[in-house]
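The values are calculated or read from the model by the stated rules, or taken from the named source; none is laboratory data. Just so it is clear, the structure is predicted and the values come from calculations on it, not from any experiment. We place every Cβ from the backbone using ideal geometry, glycine too, and count neighbours over all the protein chains shown. Keep in mind that these areas ignore ligands, DNA and RNA; they rest on the heavy atoms of the full protein, side chains included. Shrake-Rupley method; radii C 1.70, N 1.55, O 1.52, S 1.80 Å.
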Amino acid sequence: MKRAAAPLSLVALCLALAGCGDDGDGGNGGGEGGGARVGAPGWIEPDTYRYTLESRCGERDFIGAYAISVANGEVVEVAALDASAKAYLGRGGDVPTIAGLLDLAEQARHEGADEVTTDYPDGAPEGEGPPSALTIDRDADAIDDEECYTISDYTPAA
């Protein structure tokens, strides 16, 4: 039983730490100063934007589809788009900014995850926009430890 609880505890810790990232590069190449996070090379996460996040894969609480609003680099509004998200938010669960997701991926890389991928939209010009998906598999031999995230409907503030 202790073995099953460890990955869930680690995921909860990672999600909690994701919002407290350092001024690093977000896991995608050369860092930007002043705490800015990068997505595609050259992309700097704006302070204010909206996006849709679908969190799937693995045995963990943070599953579901969410409409997220970010202001001043912090999540300020979250709407559950399905029953899993509604249940997660009902338990007081937090959701990350895009920078938080990139920090989570970078942390997994540093901890020696077997697979960490960051995908960008097909045909997107270099330096334009956030990732479209992130996948983390901490142990390729373990079942249900994967984390899969799809980012869509990204809209920076006008």
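Just the residues that are charged (D, E, K, R), part of a strand (DSSP E or B) and closer than 25 Å to residue 67 by Cβ, please, taken from the stretch 104-156.
Looking only at the stretch 104-156, we keep the residues that are charged (D, E, K, R), and these are 106, 109, 111, 114-115, 119, 122, 126, 128, 137-139, 141, 144-147, 153.
Restricting the remaining residues to those that are part of a strand (DSSP E or B) gives 115, 119, 137, 147, 153.
Listed by number, the residues that qualify are 119, 147, 153.
Going through the stretch 108-138 one residue at a time, which ones are farther than 20 Å from residue 52 by Cβ and open to solvent by 60 Å² or more (accessible area, probe 1.4 Å)? Reasoning before the result, please.
Keep residues of the stretch 108-138 that are farther than 20 Å from residue 52 by Cβ, which gives 108-116, 125-127, 137-138.
If the condition is that a residue be farther than 20 Å from residue 52 by Cβ and open to solvent by 60 Å² or more (accessible area, probe 1.4 Å), then 109, 110, 111, 114, 115, 125, 126 are the ones that fit.
Can you name every residue in the stretch 39-80 that is hydrophobic (A, V, I, L, M, F, W, C) and closer than 17 Å to residue 133 by Cβ? Talk me through it step by step, then tell me what you get.
From the stretch 39-80, those hydrophobic (A, V, I, L, M, F, W, C) are 40, 43-44, 53, 57, 62-63, 65, 67-68, 70-71, 75-76, 78-80; that's our starting set.
Selection gives 40, 43, 53, 57, 62, 63, 65, 68.
Which of the residues that make up the stretch 34-57 are buried (at least 17 other Cβ atoms within 10 Å of the Cβ), modelled with pLDDT of 90 or more and among the hydrophobic types (A, V, I, L, M, F, W, C)?
To start, the set of residues in the stretch 34-57 that are buried (at least 17 other Cβ atoms within 10 Å of the Cβ) comprises 36-40, 43, 45, 49, 51, 53-55.
Of the ones still in play, those that are also modelled with pLDDT of 90 or more are 45, 49, 51, 53-55.
Matches in the stretch 34-57: 53 only.
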